[in-house]
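S.K.: Below are the structure tokens for one structure; questions will follow.
The values are calculated or read from the model by the stated rules, or taken from the named source; none is laboratory data. Quantities reported herein were computed from a predicted structural model and do not represent experimental measurements. All Cβ positions, glycine included, derive from the backbone under ideal geometry; neighbour counts span all protein chains shown.
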Amino acid sequence: MDDSLETRRRLLVATSAAGGALAVASAVPFVASLTPSERARASGAPVEVEIGNLAPGEMMTVEWRGKPVWILHRTQAMLAGLETIEDELLDPDSTRPMQPAYAQGRSRSIKPEYLVAVGICTHLGCSPSGKFTSGPASGLGERWSGGFLCPCHGSTFDLAGRVYKNKPAPDNLEIPPHKYLADTRLLIGDDTPTG
């Protein structure tokens, strides 16, 4: 009788341990599903970008909230070209709500030499491509001073992301919230003042 009682006790302990292990194993995926994934956390979080190696005339693309964000280091010639075409633009002063207040105006930027813009056309969400060559060599006409072309429906944007008149895109390219953490360190997705 003692052996039988001892056997039952061992079976009860073993079964309880196995049941507890199964309960924990079942709970882990359930609890994990309640927390956001790494990708979900990254998609909403601000993105830090080092732009010190971006030479004038070059552009880089980073991802923020699943969108491409362009950072274009504009040359003095590119900046000068922004003035010459304002009569051809739909919203040359950037007064529509496609950018924070600090990015209104001709350059649409905190620092004139850097354009930070979401690289998604405001028409149907296509991704325009850079057409930085100016004039007839660009294939976009004599007065083209460089910018972006959306190949889907032909919307064109200048080097500040301002849309040309009579194009399918109804608005300028979006300027995301951003701020400079240092001269060459940019934070995209957060523009709250530090201090």
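S.K.: In the range 68-79, what residues are surrounded by 17 or more Cβ atoms within 10 Å (Cβ to Cβ) and in a strand (DSSP E or B)?
M.R.: Answer for the range 68-79, where residues must be surrounded by 17 or more Cβ atoms within 10 Å (Cβ to Cβ) and in a strand (DSSP E or B): 69, 70, 71, 72, 73.
S.K.: Would the range 174-191 turn up any residue that is of a type in the set (Ser, Thr, Tyr) and either more than 23 Å from residue 50 (Cα to Cα) or assigned to a loop (DSSP other than H, G, I, E, B) (or both)?
M.R.: yes
S.K.: Every residue in the range 87-127 that is within 23 Å of residue 62 (Cβ to Cβ) and among the charged types (D, E, K, R), please.
M.R.: Answer for the range 87-127, where residues must be within 23 Å of residue 62 (Cβ to Cβ) and among the charged types (D, E, K, R): 108, 111, 113.
S.K.: State the number of residues belonging to the range 119-168 that are small (Gly, Ala, Ser), without any contact (Cβ under 8 Å) to a residue 40 or more places away in the chain and either assigned to a loop (DSSP other than H, G, I, E, B) or within 16 Å of residue 79 (Cβ to Cβ) (or both).
M.R.: The qualifying residues number 7.
S.K.: Looking at the structure I just gave you, is residue 54 of a type in the set (A, V, I, L, M) and modelled with pLDDT under 85?
M.R.: No; evaluated as a whole, the condition is false for this residue.
S.K.: I need every pair where a residue in the range 54-82 that is of a type in the set (Ser, Thr, Tyr) has its Cβ under 6 Å from the Cβ of a residue that is surrounded by 15 or more Cβ atoms within 10 Å (Cβ to Cβ) and at pLDDT 95 or above, sequence separation at least 6 or different chains.
M.R.: Listed by first residue and then by second, the contacts come to 61/70.
S.K.: Suppose we keep only residues that are surrounded by fewer than 17 Cβ atoms within 10 Å (Cβ to Cβ) and within 26 Å of residue 50 (Cα to Cα) within the range 80-103. Which one would you say is farthest from the chain's Cα centre (by Cα)?
M.R.: 80
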